[in-house]
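Accompanying notes for the structure given below.
The values are calculated or read from the model by the stated rules, or taken from the named source; none is laboratory data. Because the structure is predicted, anything quoted here is derived from the model rather than measured. A quick note on method: Cβ atoms are made from the backbone with ideal geometry, for glycine too, and the neighbour counts reach across all protein chains shown.
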Amino acid sequence: MIILGLETSCDETAAAVVKNRRQILAHQVASSLPLHAQTGGIIPEVAARRQLEYLLPVLRKVLVQAFDWTPDRHVSNPPPIDAIAVTQGPGLAGSLLVGIESAKVLANLWHKKLIPINHLYAHLFANWLEKPPRNEPALPAIGLIISGGHTDLVYISEKTLFRWLGGTRDDAAGECFDKTARFLELGYPGGPAIEAAAGSGNEKNLASPLPRPMIDQPNFDFSFSGLKTAVVHYLNTNQPRREDVAAGIQNAITEVLVEKTLLAIKKYHPASLLLGGGVAANQFLVQAFRQRLDQEKQSISFFAPPPHFCTDNAAAIAAAGFFSSKQNFTQNIPVQPNAGFCV
Ligand code: KG4
Ligand code: ZN
């Protein structure tokens with residue numbers, strides 16, 4: 001089975017072709033991120049307009065790459081795919097509409113099944129994409145989704161697929177990176193900027209460590225807005241090196257994520273741990289998970305996608321399509337900008 005994936009939920013425009021849920025035949029990502037870096041954050045209208053501009057060129061590239069197929073010659077002659085998987089939500093409504101409406105037109109024209117995908121699930125399915133000679137993740141698994149807008153812990157099994165265990169009560173981990181980076185004048189997006197600055201910083205140089213919100217609470221909930229406030233307060237009352245504050249922020253977010261995830265592992269004894277979402281591109285964080293799992297002697301397979309499949313991409317959307325029960329040919333797919341774990 002071959003699935004064409006389309007992703008347009010935010011500022012990335014992506015298309016990919018995936019075979020038998022693991023093998024990537026082609027994938028492309030175009031991003032309007034440089035435009036948003038100029039304004040220090042995403043302006044939804046600007047992102048949606050770029051989606052319109054980038055989608056067809058990106059789609060053309062993957063079809064040529066995967067099948068040497070050019071729509072110019074045979075518009076109504078379909079490429080050899082079985083279905084089209086497209087992000088339904090969560091995301092920005094204007095951006096999502098570009099992908100969904102394009103997918104509907106293509107599915108209609110080519111008589112293909114249309115599979116609506118929850119973007120959050122897809123971040124975890126990125127772990128199925130081929131990394132030979134690695135096996136695919138065994139279930140049950142604990143999944144930690146850490147993106148710009150979400151921080152969620154889920155239990156994944158064959159039977160129910162996703163069960164939500166807990167999540168952030170306020171800001172997401174990625175949002176905390178982005179906002180604190182803005183206070184430090186490190187630019188946008190904040191996560192990669194903080195990771196780079198933290199490389200030459202040390203939290204021990206700060207007058208006091210930053211807080212680790214909710215780290216000792218025996219639940220699977222998170223809260224990162226207090227950390228943000230603590231950073232603002234610290235910057236107002238001290239004159240630290242930015243690198244040291246960046247290291248403190250990265251340590252604090254990482255420790256909370258690692259400890260809460262470990263709590264879930266000890267309670268549910270899963271076969272695998274899967275990370276997903278843009279924050280999982282952070283290699284300090286990935287290393288911290290590895291070390292802590294070793295230290296606790298947890299016999300669990302640990303998966304984190306390569307950085308380019310942590311951030312938004314369409315290969316993960318296509319991979320998620322193989323697991324979806326919603327493989328019906330239907331035109332009745334509304335965008336779901338606020339989709340959570342119950343889609
Ligand atoms: O998954 P994603 O690409 O988009 C959403 O679905 O939200 O995640 C974007 C988030 C941003 O907050 C960005 O700062 C963060 O992922 N991010 C990182 C890193 N790379 C991206 N956070 C920490 N370290 C990184 N290296
Ligand atoms: Zn995402």
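If I ask for residues that are among the small types (Gly, Ala, Ser), within 13 Å of ligand 1 (Cβ to nearest atom) and free of Cβ contacts under 8 Å to residues at least 40 places away in the same chain, which ones from region 265-300 would you list?
Residues of region 265-300 among the small types (Gly, Ala, Ser): 271-272, 276-278, 280-281, 288, 299.
Those left that are additionally within 13 Å of ligand 1 (Cβ to nearest atom): 276-278, 280-281, 288.
Correct list: Ala288 only.
In region 324-333, is there at least one residue being within 16 Å of ligand 2 (Cβ to nearest atom), at negative phi and out of contact with any strand residue (DSSP E or B) (no Cβ under 6 Å at 6 or more places or on another chain)? Show your work before the answer.
We begin by selecting, within region 324-333, every residue within 16 Å of ligand 2 (Cβ to nearest atom); these are none.
No: region 324-333 contains no residue that is within 16 Å of ligand 2 (Cβ to nearest atom), at negative phi and out of contact with any strand residue (DSSP E or B) (no Cβ under 6 Å at 6 or more places or on another chain).
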Open item on the list: I'm trying to understand the selection: among the residues of region 268-284, which are assigned to a helix (DSSP H, G or I), more than 16 Å from ligand 2 (Cβ to nearest atom) and touching a Leu at 6+ places or on another chain (Cβ under 9 Å)?
Closed with: Tyr268
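Among residues belonging to region 91-124 that are among the charged types (D, E, K, R) and either touching a Gly at 6+ places or on another chain (Cβ under 6 Å) or assigned to a helix (DSSP H, G or I) (or both), point out the one that is surrounded by the most Cβ atoms within 10 Å (Cβ to Cβ). Spell out the reasoning first.
If we filter region 91-124 for residues that are among the charged types (D, E, K, R), which is where we start, we get 101, 104, 112-113.
Imposing the further condition that a residue be either touching a Gly at 6+ places or on another chain (Cβ under 6 Å) or assigned to a helix (DSSP H, G or I) (or both) reduces the set to 101, 104.
On the way: Glu101: 15, Lys104: 17.
By that ranking, first place goes to Lys104.
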Open item on the list: Against the conditions (1) buried (at least 18 other Cβ atoms within 10 Å of the Cβ); (2) closer than 29 Å to Glu130 by Cα; (3) away from ligand 2 (no atom under 16 Å from the Cβ), where does Ala304 fall short? Just the number, please.
Closed with: (3)
TODO: Could you please tell me which pairs satisfy a Cβ distance under 7 Å, a separation of 6+ or placement on different chains, a first residue in region 145-160 that is among the β-branched types (Val, Ile, Thr), and a second residue that is in a loop (DSSP other than H, G, I, E, B)?
DONE: Ile145/Gly277; Ile146/Gly277; Thr151/Ala172; Val154/Phe341; Ile156/Leu139; Ile156/Pro140
Open item on the list: Consider region 170-215. How many of its residues are over 19 Å from Gly41 (Cα atoms) and within 16 Å of ligand 2 (Cβ to nearest atom)?
Closed with: 0
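Gln250 - would you say it is assigned to a helix (DSSP H, G or I), among the polar types (S, T, N, Q), free of Cβ contacts under 8 Å to residues at least 24 places away in the same chain and more than 16 Å from ligand 2 (Cβ to nearest atom)?
Numbers: assigned to a helix (DSSP H, G or I): yes; among the polar types (S, T, N, Q): yes; free of Cβ contacts under 8 Å to residues at least 24 places away in the same chain: no; more than 16 Å from ligand 2 (Cβ to nearest atom): yes.
Against the criterion (assigned to a helix (DSSP H, G or I), among the polar types (S, T, N, Q), free of Cβ contacts under 8 Å to residues at least 24 places away in the same chain and more than 16 Å from ligand 2 (Cβ to nearest atom)), Gln250 does not qualify.
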Open item on the list: Checking the condition small (Gly, Ala, Ser), modelled with pLDDT of 95 or more, over 16 Å from the mean Cα position of the chain (by Cα) and closer than 18 Å to Ala247 by Cβ, which residue from Ala173, Ala197, Ala141 passes?
Closed with: Ala197
- [ ] Check whether at least one residue in region 2-17 is free of Cβ contacts under 8 Å to residues at least 40 places away in the same chain and out of contact with any Ser or Thr (no Cβ under 9 Å at 6 or more places or on another chain), and report yes or no.
- [x] no
- [ ] Select from region 1-38 the residues that are in contact with a helix residue (DSSP H, G or I) (Cβ under 8 Å, 6 or more places away or on another chain) and farther than 30 Å from Glu130 by Cα and write down the one among them that is modelled with the highest pLDDT.
- [x] Leu35
- [ ] Within region 241-295, track down each residue that is among the polar types (S, T, N, Q) and more than 24 Å from Ala320 (Cβ to Cβ).
- [x] Gln250, Asn251, Thr254, Gln283, Gln287, Gln291, Gln295
Task: Failed item, numbered, when Ala271 is tested on (1) surrounded by fewer than 18 Cβ atoms within 10 Å (Cβ to Cβ); (2) under 27 Å from Leu129 (Cα atoms); (3) in contact with a Lys or Arg (Cβ under 9 Å, 6 or more places away or on another chain) - done: (3)
